[in-house]
Amino acid sequence: MGNFLYRYRGIIGFVAFVIVYFFATPEYKSIFFSIPLLLVGLAIRVWAIGYIGKYARSKDISAQVLISAGPYRLIKHPLYLGNFFLVSGILIAMSPKFIISLIVLVLFRIEYSLISKTEEKYLNNRFRNAQCITEHSESISNQKFNWRNVLFEINTITIIVLIYGLIILKIYWR
């Protein structure tokens, strides 16, 4: 189940957005209040993506190196934490009924818990020896933040801009 959810996480998120958008009652002030969560989510994602790079965009769970630097020193899944802040911010901006927001957040938690367990199982099997060196000869302790990796985050930023554009259109159309 975790592999399936991982592979289709983008489609699942899109379907959830469409459903919530249908029930959304946004206002300009809700957009304003959502911005801090949005910025925290983006900051966490940029920090994490600076270490993990393009592997965060794969369709299948895989890893060339075991990332244990940056935010990965502190938590196992910083990208998912960033996603949680983004989703929370978007829900605040869209202002659907509370029960809809609650359902989305609970389903988000279930989805990413299943994905996380599957990833952890994969990583435990792939990197049994914590001191292993990969094909790229990069040791686990030698990982550095790479600004070029942040370019992979342009997709997330583009999607957020589109979502907020649609939210503003919904306010305008009402």
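The values are calculated or read from the model by the stated rules, or taken from the named source; none is laboratory data. Keep in mind it's a predicted model, so treat the numbers as computed, not measured. For neighbour counting, all protein chains shown are included, and Cβ atoms are generated from backbone atoms with ideal geometry for every residue, glycine included. Each accessible area value is taken on the protein alone, full model and side chains, heavy atoms only, with ligands, DNA and RNA left out. Shrake-Rupley method; radii C 1.70, N 1.55, O 1.52, S 1.80 Å.
Data for the structure
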| item | result |
| --- | --- |
| Options Leu37, Leu42: the member that is free of Cβ contacts under 8 Å to residues at least 60 places away in the same chain and surrounded by 13 or more Cβ atoms within 10 Å (Cβ to Cβ) | Leu37 |
| Top-ranked residue in the range 87-128 [being under 19 Å from Lys170 (Cα atoms) and of a type in the set (A, V, I, L, M); ranked as farthest from the chain's Cα centre (by Cα)] | Ile100 |
| Checking Ala63 against (1) over 27 Å from Ser101 (Cα atoms); (2) modelled with pLDDT of 95 or more; (3) among the small types (Gly, Ala, Ser), the condition it does not meet | (2) |
| Failed criterion for Ala43 (all others in (1) farther than 30 Å from Ile167 by Cα; (2) not in a loop (DSSP other than H, G, I, E, B) hold) | (1) |
| Qualifying residue in the range 76-93 (condition: closer than 23 Å to Thr118 by Cα, among the charged types (D, E, K, R), part of a helix (DSSP H, G or I) and open to solvent by 20 Å² or more (accessible area, probe 1.4 Å)) | no |
| The range 1-30 residues that are closer than 23 Å to Tyr122 by Cα and touching a residue at least 12 places away in the same chain (Cβ under 8 Å), paired with ones that are assigned to a loop (DSSP other than H, G, I, E, B) and of a type outside the set (Lys, Arg) (beta carbon under 9 Å, 6 or more apart) | Gly2/Ile61; Asn3/Asp60; Asn3/Ile61; Tyr6/Ser58; Tyr6/Asp60; Tyr6/Ile61; Arg7/Asp60; Arg7/Ile61 |
| Single condition Val150 does not satisfy, out of (1) among the β-branched types (Val, Ile, Thr); (2) loosely packed, with under 14 Cβ neighbours inside 10 Å; (3) modelled with pLDDT under 95 | (2) |
| Counted residues, the range 13-31 - those being in a helix (DSSP H, G or I), loosely packed, with under 14 Cβ neighbours inside 10 Å and of a type in the set (Ser, Thr, Tyr) | 1 |
| Unmet criterion (only one of (1) touching a Lys or Arg at 6+ places or on another chain (Cβ under 9 Å); (2) assigned to a helix (DSSP H, G or I); (3) open to solvent by 70 Å² or more (accessible area, probe 1.4 Å); (4) of a type outside the set (Phe, Trp, Tyr)) for Asp60 | (2) |
